[in-house]
Amino acid sequence: MNSLIVKKYIVGFTGLFLCIFLIVHLSANLILLLPEELASETYNAYAAFLAGNPLIKIVAYLLYASILLHVVYAVLITLKNKTAKGITYAVNRSDENSSWASQNMGLLGVFILLFIVVHLANFWARAKLGIGESVPLDDYGNKDLYSLADLLFNNPYYVAFYTLLMIPMGYHLFHGLKSAFKSLGVYHRSGLSVLQKVSLLFAIIMTIGFGIIPIIMYFK
Ligand code: HEM
């Protein structure tokens, strides 16, 4: 099979897996918006349940592998496309050929990578790797991740960072989901507008869902 197609399959599959992770992750993080007492107990108990489940550990390793594969193969495809575009055209109406998001997936990906690095340093590195200040325990003996989020989203700079970076993520998801369906062959001329609508709806829910949590917690 053509190596570019294999690369596109890998980016498509891992991208869809990451979209499923985002749905689960958003659902879990919406717990933060419950009344404080309930939110704290439920959020920390949920995180403790995940941390103690061997099956979830395997899924977590699949997640880390998917992020790495997605980034590496997306970079390889971008580099290949750039080399191919070394041939310049007398007239290149790129605005007519493809959308802004499709031409800037790499740039959008860099914003998301920046978000993920900062985000993992905020939560995951402390809670899972034990790097930096240790995470306090709540009244039930679970790691108090709620208080970590509460403290972080008391800082307006972090609120702005978390909320604004959901915009490039939304663009990336909108174009990415459409492309993943196409790369994996879920493509039909008459079905295009359905895929377009599903991808748009997904991107909007993720952008607003994740973006609004820090704002609401700031004013809570
Ligand atoms: C309001 C927004 C968000 C909050 C409050 C939040 C919260 C958290 C917390 C508390 C953890 C650590 C879980 C643990 O160690 O048990 C975590 C892990 C993680 N988050 Fe988020 N998250 C948010 C948005 C996002 C977004 C938008 C992405 C992706 C673009 C993301 C990707 C990840 C990843 C990859 C992990 C590591 C997963 C694992 O090891 O299980 N998060 N997040």
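The values are calculated or read from the model by the stated rules, or taken from the named source; none is laboratory data. Given the structure is predicted, the values throughout are model-derived calculations rather than measurements. For neighbour counting, all protein chains shown are included, and Cβ atoms are generated from backbone atoms with ideal geometry for every residue, glycine included. In case anyone asks, the SASA skips ligands and DNA or RNA and just uses the protein heavy atoms, side chains included. Shrake-Rupley method; radii C 1.70, N 1.55, O 1.52, S 1.80 Å.
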- Message: Considering only residues that are farther than 14 Å from Asp150 by Cβ, of a type in the set (Val, Ile, Thr) and surrounded by 15 or more Cβ atoms within 10 Å (Cβ to Cβ), which ones fall in the stretch 19-41?
- Response: none
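Could we say that Leu114 is more than 18 Å from Leu26 (Cα to Cα), over 20 Å from the mean Cα position of the chain (by Cα) and within 12 Å of the ligand (Cβ to nearest atom) here? Can you show your working first?
Numbers: more than 18 Å from Leu26 (Cα to Cα): yes; over 20 Å from the mean Cα position of the chain (by Cα): no; within 12 Å of the ligand (Cβ to nearest atom): yes.
The answer is no for Leu114.
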- Message: Checking Ala125 against (1) more than 11 Å from the ligand (Cβ to nearest atom); (2) hydrophobic (A, V, I, L, M, F, W, C); (3) at pLDDT 90 or above, only one condition comes out false. Which one?
- Response: (1)
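Is it the case that some residue within the stretch 183-192 is farther than 17 Å from Leu26 by Cα and in contact (Cβ under 8 Å) with a residue 60 or more places away in the chain? Lay out the reasoning, then the answer.
So the first thing to find is which residues in the stretch 183-192 are farther than 17 Å from Leu26 by Cα, and the list is 183-192.
From what is left, the residues that are in contact (Cβ under 8 Å) with a residue 60 or more places away in the chain are 183-184.
Yes: one or more hits.
In this structure, does Ala121 turn out to be of a type in the set (A, V, I, L, M) and open to solvent by less than 50 Å² (accessible area, probe 1.4 Å)?
Details: of a type in the set (A, V, I, L, M): yes; open to solvent by less than 50 Å² (accessible area, probe 1.4 Å): no.
No, not satisfied.
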- Residues of the stretch 6-18 satisfying the condition of being under 21 Å from Phe174 (Cα atoms) and open to solvent by 40 Å² or more (accessible area, probe 1.4 Å): Lys8, Tyr9, Ile10, Phe13, Leu16, Phe17
